[in-house]
Amino acid sequence: MKSSILLIGCLLVTGVALGADLGVEESTRVPALVGVPSGQSATSIDQSTMASSGELALATDVWPLVGEARLKVFIWEVYDSALFTPSGHWQGDGPYRLSLHYLRNIPAAKLVEETEKAWRQQGRDHPRLSEWLALLGELWPDITQADNLVFGLNASGESAFWFNGSALGSIKDRDFGPLFGGIWLDPDTPRPELRAQLIGPASEFAQNSTP
């Protein structure tokens, strides 16, 4: 009788040990989410990390400079802009990174207002335009002098923003990126002189577009 009790006890202890081992083994199959704040949902994680994944890595330090220009409105210097591509030439589309180093303080609401104004001047019309502007108002911080805001577009139309070197976020709509970057880079930009300096007169795209 005693031996039976001992046998059952050993089996129970062994079972607990096996169960613990299985639990550890199972837990190792679940990938850890490194650097994700607690309580953040899988959906929001995907949205916030999209900017730093794959083709959308910040590349202003490794891609060649295409061109640069300073925006000055009347007597006020607003920002220094710089365009980067993998080849160092403007091809007329992504991938590219557009970097803006601000020379004065600008509230986020003013950035959104200027974005809307530029789209209106270009005659842009999209059913989600108002929604994008609202999202930009939530995404962008207020700008202080010396801040750096980078916009990136890849060849697939995905886009993202970085602020002072850190991923800021993105609007996950492939219609958004080309329209936003087009404020500076489309032929009908409200700032044609700035665009000319950014894309460079000797760019391959410019040469191929000459009649």
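Read the figures in this text as sums done on the coordinates, not as results from a lab. Bear in mind the structure is a predicted one, so any value in this text is a computation, not a measurement. We place every Cβ from the backbone using ideal geometry, glycine too, and count neighbours over all the protein chains shown.
Taking just the C-alpha trace of the stretch 49-209, give me its Rg and Dmax in Å.
14.7, 41
Counting other Cβ atoms within 10 Å, which chymotrypsin sites (Phe, Trp or Tyr not before Pro) in the stretch 49-145 have at most 11 and lie in a DSSP loop?
Numbers: sites: F74, W76, Y79, F84, W90, Y96, Y102, W119, W132; in loops: F74, W90.
The qualifying sites are F74.
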